[in-house]
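To start, the structure under review is shown below, and the notes come after it.
The values are calculated or read from the model by the stated rules, or taken from the named source; none is laboratory data. Predicted, not measured: the structure shown is a model, and the values here were computed from it. Virtual Cβ from ideal backbone geometry, glycine too; neighbours counted across all protein chains shown. Please note that ligands, DNA and RNA were not included when accessible areas were found on the heavy atoms of the full protein model with its side chains. Shrake-Rupley method; radii C 1.70, N 1.55, O 1.52, S 1.80 Å.
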Amino acid sequence: MTHSPATQQYREKQAGDLQPGDFVYLPGDGPAEEITSVDVQNDDYGVPALVLVTTHDGGSVRIAAKSSVPVGDGVPTGAGSSLRDAGAADASAADAGTSDSGVQDSSTPDSSSPAAPDAPTTAEPAVVVPPRPEAPPAYTGPGAEEMALIPEPAGTPESVVLAAASNHKGKNGVQVLADRLAKGINTKSGSCLRDLSDLAFNLCVVLKDPDGSLAVADLLNVLPFDGNLDRWASIERALALSSFICRESGQAERAAVYEKLLRAPESQEEDPFRARINARVRQRALNEPNLYDKEIFRAIDNGNQEAEREWRFLRLEALLFLRAHGGSETIDEDELGRRICNELEAVRA
């Protein structure tokens, strides 16, 4: 007899809340299977989209993060065989009793034979559900004293942009961005924030003006994370660039402030399980970053120098982001420093 959620007691649980030790009913008929690992994949906007569940017997199932799935009580791994053996023994004993009933009434024991001992009672093993995991260490934002290391802008945001661009007359890319921003900077506009971060990168990477770049980037660096990942991407770029500029100029304390600001959104998840899953996904992204190797090699093979430069620019951004996180488990800070220098030379060439 198969046991599906329709024939057993079960409850529903959101896929994002599943954890090792839960017993989940896989598609089709069958008993609840014990989960051994849970992995979460984000969509292109960084939002959890797909939950990958692996069970003890090697089965796996993909579940949409917002879906509800049936879970129930199960038998801890290793206990199933003993229960099946016990059940088989009970069934054999019952069959034997039925076949003897025609010869002797089982309710009247033979006086010449010793009384049969009471059958041992097989207790249902308790299912031990592991406690919810503790949240990973949170990155708290910088305090007031640390924030004081970031200077106040010298004038309005528009005047800061114009002052930075005035040192590079004739540089068309910078002037186009500066003219557009001088009409009015709206920090709620994703395109406006992107223009600011592009201007900061152009000043530092292309024109070798780290001071002007840092002044523009600081217009973004003090903006808090509001949950909008599109706007945050521009702020994140500026923070990673600012950390690099300060590290290169010996301002380690100021660089540390930018790095704390960059990591602050990582501590906003209050649910310990989700925070742990997010940390695991984030660490995987740091360990396996997209450095656009295929795209760069394809551009080199095609002799397309402009495309190669654009892809190397994206690779440089990814390396700066890794360095602001202190490296990863696969690329340490020294190696990151070497690669960043290589990409700067390639982009400036």
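All told, ARG276 meets the bar of being part of a helix (DSSP H, G or I), open to solvent by 80 Å² or more (accessible area, probe 1.4 Å) and of a type outside the set (S, T, N, Q). Within region 332-341, the residues that satisfy the criterion of being touching a helix residue (DSSP H, G or I) at 6+ places or on another chain (Cβ under 9 Å) and without any contact (Cβ under 8 Å) to a residue 24 or more places away in the chain are GLU333, LEU336, GLY337, ARG339.
In region 149-161 there is no residue that is modelled with pLDDT of 95 or more, open to solvent by 60 Å² or more (accessible area, probe 1.4 Å) and part of a helix (DSSP H, G or I).
Residues in region 77-90 include none that are modelled with pLDDT of 50 or more, open to solvent by 50 Å² or more (accessible area, probe 1.4 Å) and in a loop (DSSP other than H, G, I, E, B).
Working only within region 162-172, note down all residues that are touching a helix residue (DSSP H, G or I) at 6+ places or on another chain (Cβ under 7 Å) and open to solvent by 40 Å² or more (accessible area, probe 1.4 Å). Hits for region 162-172 are LEU162, ASN167.
Among helices (runs of 4 or more DSSP H) entirely within region 164-260, having at least 2 residues that are in contact with an Asp or Glu (Cβ under 7 Å, 6 or more places away or on another chain) singles out 172-182, 229-248. Among the residues of region 1-48 satisfying the criterion of being at pLDDT below 75 and among the small types (Gly, Ala, Ser), which is farthest from SER60 (Cα to Cα)? This residue is GLY46. Any chance region 206-213 includes a residue that's polar (S, T, N, Q) and open to solvent by 50 Å² or more (accessible area, probe 1.4 Å)? No, region 206-213 has no match at all.
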